[in-house]
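In what follows, a single structure is set out as structure tokens and then discussed.
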Amino acid sequence: MCAKNGTEETTIEGTESAGSTEESSSANAPTDNTVADRVAWTPPPGIPPWVVPVERCVAQGDIAADCTAARPGAPAAPPPADSAPGTPGITIRDVASFRPELATLSSEPDGWAVRGLHANVLAAGGTSIRTGELFGITAEVRFTPVAYLFDYGDGSAPLSTSTPGATWAALGLDEFDATPTSHVYESSGTYAVTLLVDYAAEYRIGGSGLWTPIPGTLAIPSDPVSIVVADSAATALVDRDCAANPRGPGC
């Protein structure tokens, strides 16, 4: 069985591929770690229960090479109104090569923060649809981000959440206020912030009809960002003075 997106074709479950033999093998061969050795992914509170995350594949390179069982976050519930009931044996591995549009990671203030104050980290990006071949038939796959893992790069525990975060302005907050995805750095320095987004997938054949949910999630990393943390607001680089931004740092 093959899934093809554009000019790329990836073997699913052992058939021949237009890509290299090495890529095909890595997509289907078990990893060195057994499922028992891995920590199963627990979906964060708020993830749609219709996702039924029974399997999670983490993308590595051009293919999803590391798949493992996941602990369901909630009992199964009816899928969205525009989804067809049931899934006829298609797994998240079968659509991994379609790849959703990646979420974009950013921070407020842009690229810097103040030690001891909240830095607001957020993700942007929503549902995307990809077209390719599934079982030799043209199909559309709809990816929806359902979970976010923010790693702030300072050794603290990553934040697992079902919200992508929002700007201070959108939340009606002042700069450096706490948000659901903000973080306080205790030491100055430069930190690399990373984001891993879990996508739920649905498919339909022929470009019309109801969407059919696919059990499991596909986790894909977004491009990281750097945050420079200053010791105080007085030493932080700002692009406006206090007259233009009276609520800015140090004003």
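Read the figures in this text as sums done on the coordinates, not as results from a lab. Predicted model, so just to flag it, every value in this text is computed and none were measured. Positions of Cβ are generated from backbone atoms using ideal geometry, with glycine treated the same way; all protein chains shown enter the neighbour counts.
What the table below lists for this structure:
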item	result
Packing rank of 98-109, 165-176, 132-143, where each peptide gets the mean count of other beta carbons within 10 Å, highest leading	98-109, 132-143, 165-176
Estimated inter-spin distance, Asp110 and Ala124, nm [label 7 Å along Cα→Cβ]	1.0 nm
Peptide ranges 194-201, 182-189 listed from the most packed, as the mean C-beta count within 10 angstrom indicates	194-201, 182-189
Gain in span if fully extended, Thr163 to Ser232, counting 0.36 nm per residue against the direct Cα distance	21.9 nm
Largest-first principal axis extents of the Cα set of region 133-175 (Å)	52, 29, 13
Pair Asp223, Glu133: separation of 7 Å Cα→Cβ label points (nm)	3.1 nm
Spacing of the two label points (7 Å from each Cα toward its C-beta) at Thr190 and Thr42, in nm	3.7 nm
